[in-house]
Amino acid sequence: MTGLVIWLRRTTARTMFPAMVAVTLAVLFSRSGWAWDLGHAVSWASSSTLLLGPLSAGVAAFDTWRQRGRGLRSVERSALRGWQGTLTLAVAVWTYAALAWATAMALAISISTFRYEGSGLGTWWPVLIQAPAALLGATLLGAVIGSLVRGVGAAPLAVGAVYATTAMADIVLGTRSVLAVEGATMSLVGLRPRGDVLAVTLALDLALGAAFAASVVRREHGRSRKALVSACAASLAVLACATGLVTLDAREGHLEPSTAERVCVLGDVEVCGPPEGEAIYRVAQRSLAAGISQLETAGLELGQRTYDHASAASSRAGVLSVDTALLDRDGGLDAWDVASTLSTPLLCEEFFDADPPVELLEGQWNLASWMSDVLSGAGGVAADERSAAQKTLSALERCAPESVPQWAYTSAELREAE
Amino acid sequence: MSHPLLTLDGIHHGYGARDVLRDVSCEIGPGITALIGVNGAGKSTLLSIASGGVRPRQGAVAVGGHDLLHGRARRQGLGKVAFMPQDATFPPRMTAREIVEYVDWMRGAPRSGGRARALQALDRVRLADRAESRFGSLSGGMQRRVCLAQAIVSAPEVLVLDEPSTGLDPEQRHVMVQLIGTLAGAVVLSSHVMEDVADLADRVLVLDDGAITFDGDVAGLRALAPVPEADRAAEHGFLAVLSAQRSA
């Protein structure tokens, strides 16, 4: 513990800590929309490991070279806990990287939970272990490079080595979450991580970390049998995990549909879907109710009052379209999302045909454009347009392509552009 | 000789195809033992082996009766020996006190009292007032004394010092020699400075071409000189040992 406390005080990572925090916050706020479900928030906040891991590796390599001169290394070799020296330094560097990551993560979870009432971390909690494990692996790889390359070049080499390992894992194993965590850029409502892939990836990160640690000890503290056996065991574990990922076909994706029971936000309009999207449904319900009211004032009669999130869509309800990034901006559904949702009153089976009926698709597009104009007050007030919109809606409510009227509506935006 | 604290038995070592040490055996008890030899004679390698930092290709090393090369005994042996390297490169950002405390921790000292032990060791090398100075800001002589402090902090039975006074200015060298003279237990030091050896050593070992060619005291070394009463007789005695060895 004494060694760790001293290295925590003297590692370059302490000086770099503000930069590390800045990196994680910059990544976190470079996108919006993640706060609406906790799984997305956790996943996105972890994606900073793609920058933080190489940075941490670079610092570990630099410190291993700069701070641990020949004098200290020769003293370590003849000391009881000498083998812990480099590892303790790497752990100190990792502590700062993990703290920077945790700062952004805590902020993401707080914003999602308290401001957006995002819920449903559910199956995403392992990411909270995966990210620190990935950072540890990357940092220990940096320590390996620092013990091999005695010079300032160790730092950039370590950065490159971490990126190369992640890229290699992507090419060979089909996962970008080795020594990093691939964050989701889209909403994760209705999805969950593949438990087996996640577990093996986590094991791979830990095995890589163990292999790097054993390599450093062997390199720095002589050819002890224990270090050799540890390095061999860790390398075998790496091979086993890599084989596991290939066997599990990680390339096919690391997400699968969630099986959680759906929840509904009830009211004049009902919005349902997987539980982790509940905060979204509450906002969507208000926006859809206001949209329906506005369209009915404009003379359109809408029969459907139940909408399902796209990930849980059924043939009994309309399909909710939502861009969570726009939810942040407007505090409610964007006019186009309201129009898209209301113009899809049923999930018609025909939509899944190899050759879906053009009439239905064109009708839905025309109707959505017309609704969007009405909702934003940009047009759609002509009686013939309203009549065509009503007929199109009726056809879509019955999934009847033959009933879609011949109608080509040009949105106000397009008219303006022309 | 009193009970040996350090035993080297049949040590063979080398780098690649080159043999550096050939069947080196000796027992070292309390007092100061100087290991002298020309550059490349194998002194640093032998001292690294004696302190448990390098595993020889062949032979046995024991400290206080504990085998320094194998198993549980190694742990006990390492707790009784400390090494002061020739190259005093320690983390430049650490303070003198932190370096000594860190090495104390590495040697397996108990957690409590580490800071006090470090300050005490620095006081012994007359650096109490620079305890919180960064290592990189200290002069070469002071850095060497920090290096000595880290070696004595855990009160080892065997202290291995690799050229402790080499490269120091006369004043710092004098301080270093004085400090070494106060050390207890078995002290094994290598040096090129025959004056220091003559002042300090109770016993002298001459290492030449990987083998011990002289084992005696300073008076015995002086006796080998053409004029034993002359100034620098110890140095001439050393040269006589080398010359005799090479002509043989």
message: Using the basic label-point model (7 angstrom from Cα toward the beta carbon), what is the A:Asp353 to B:His174 distance in nanometres?
response: 10.6 nm
task: May I ask you to evaluate 6.51 cos²θ - 1.76 cosθ + 1.60, the Karplus curve with θ = phi - 60°, for each residue of region B:202-208 and list the ³J(HN,Hα) values in order in whole Hz, giving x for glycine and proline?
output: 8, 9, 10, 10, 9, 10, 9
- request: Give me the distance between the Cα centres of region B:53-78 and region B:210-248, rounded to whole Å.
  value: 32 Å
task: Calculate, for B:Gln120 and A:Leu4, the FRET efficiency according to 1/(1 + (r/R0)^6) with r their C-beta to C-beta distance and R0 22 Å; round to the nearest 0.05.
output: 0.45
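Return the calculated 222 nm mean residue ellipticity for chain A, to the nearest 500 deg cm²/dmol, obtained by summing -39500 (n - 2.57) across DSSP H runs with n ≥ 4 and dividing by the residue count. Spell out each step's value before the answer.
Numbers: 16 runs with 253 residues, N = 418.
-20000 deg cm²/dmol, from helical runs alone.
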Span from the region A:43-101 Cα centroid across to the region A:243-270 one, whole angstrom: 37 Å
task: Could you size up the charge dipole of region B:87-155 around its Cα centre, putting +1 on the beta carbon of Lys and Arg and -1 on that of Asp and Glu, and report it in debye to the nearest 20?
output: 60 debye
- request: Mind giving me the FRET efficiency for A:Asp268 and A:Ser315? R0 is 30 Å, r the Cβ-Cβ distance, nearest 0.05 is fine.
  value: 0.85
- prompt: Full extension from B:Arg134 to B:Ala219: what is 0.36 nm times the residue separation minus their Cα-Cα distance, to one decimal in nm?
  reply: 26.3 nm
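Could you give the size of the charge dipole of chain A about its Cα centre, using +1 on the Cβ of each K and R and -1 on the Cβ of each D and E, expressed in debye and rounded to the nearest 20?
Details: 31 positive and 39 negative charges, 865 e Å.
Taking the Cα centre of chain A as origin, the dipole is about 4160 debye.
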- prompt: Restricting the count to DSSP beta bridges whose residues both fall in the protein assembly as shown, what percent are antiparallel, rounded to a multiple of 5?
  reply: 50 percent
query: Using a simple spin-label model with points 7 Å from Cα along the Cα→Cβ vector, what separation in nm is obtained for B:Tyr15 and A:Cys232?
result: 2.9 nm
task: Among A:Ala395, A:Val358, A:Trp370, flag the residue with its Cα farthest along the positive direction of the charge dipole of region A:349-413, charges on Cβ as +1 for Lys/Arg and -1 for Asp/Glu.
output: A:Trp370
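B:Gly113: net charge of surrounding residues, Cβ under 12 Å, Lys/Arg +1, Asp/Glu -1, itself excluded? Intermediate results must be reported in sequence, preceding the final value.
Values: positive: B:Arg111, B:Arg115, B:Arg117; negative: B:Glu101, B:Asp104.
Spelling it out: positives minus negatives among the neighbours equals +1.
Arrange the following residues from fewest to most other Cβ atoms within 10 Å of their Cβ: A:Met168, B:Met84, A:Met16, A:Met105. Numbers along the way, then the final one.
Numbers: A:Met168 12, B:Met84 26, A:Met16 20, A:Met105 23.
Final ranking by Cβ density, sparse to dense: A:Met168, A:Met16, A:Met105, B:Met84.
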task: Quick one: which residues, 5+ away or cross-chain, put their amide H under 5 Å from the amide H of B:Asp67? H built at 1.01 Å from N.
output: none
- prompt: Counting only DSSP beta bridges with both residues in region A:263-417, what percent are antiparallel, rounded to the nearest 5?
  reply: 35 percent
query: Could you name the lysines in cross-link range of A:Lys226, using Cα to Cα under 25 Å and dropping any fewer than eight places away on the same chain?
result: B:Lys80
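Among B:Leu242, B:Leu159, what is the fewest-to-most ranking by other Cβ atoms within 10 Å?
Ranking B:Leu242, B:Leu159 by Cβ neighbours within 10 Å, fewest first, gives B:Leu242, B:Leu159.
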- prompt: Share of antiparallel DSSP beta bridges in chain B, in percent to the nearest 5?
  reply: 55 percent
- prompt: Measuring from centroid to centroid over Cα atoms, what is the spacing of region B:91-112 and region B:23-48 in Å?
  reply: 27 Å
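Among B:Cys26, A:Cys232, A:Cys241, which comes first, then next, by fewest other beta-carbon atoms within 10 Å?
Numbers: B:Cys26 19, A:Cys232 12, A:Cys241 22.
Listing B:Cys26, A:Cys232, A:Cys241 from fewest to most nearby Cβ atoms yields A:Cys232, B:Cys26, A:Cys241.
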message: Just to check I understand the Karplus step: with θ = phi - 60° and J = 6.51 cos²θ - 1.76 cosθ + 1.60, what whole-Hz values come out for region B:35-44, glycine and proline as x?
response: 10, 10, x, 6, 4, x, 6, x, 4, 4
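What FRET efficiency comes out for A:Trp125 versus A:Thr15 if R0 is 30 angstrom and r is the Cβ-Cβ distance? Round to the nearest 0.05. All intermediate terms of the calculation are to be shown ahead of the outcome.
On the way: r = 32 Å, r/R0 = 1.08.
Using R0 = 30 Å, I get an efficiency of 0.40.
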statement: Calc'd 3J(HN,Hα), region A:164-169, phi into Karplus 6.51 cos²θ - 1.76 cosθ + 1.60 (θ = phi - 60°), Hz, glycine/Pro = x, comes to 5, 5, 5, 5, 4, 5
task: Please list, in chain and number order, the residues 5+ apart from A:Leu320 or on another chain whose amide H is under 5 Å from its amide H, with Hs placed from the backbone.
output: A:Asp308, A:His309, A:Ala310
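None of the figures in this text is laboratory data; all of them are computed from the coordinates on show. On a predicted model such as this, the values are computed, not experimentally measured, just so you know. Note: ideal-geometry Cβ built from the backbone for every residue, glycine included; neighbour counts use all protein chains shown.
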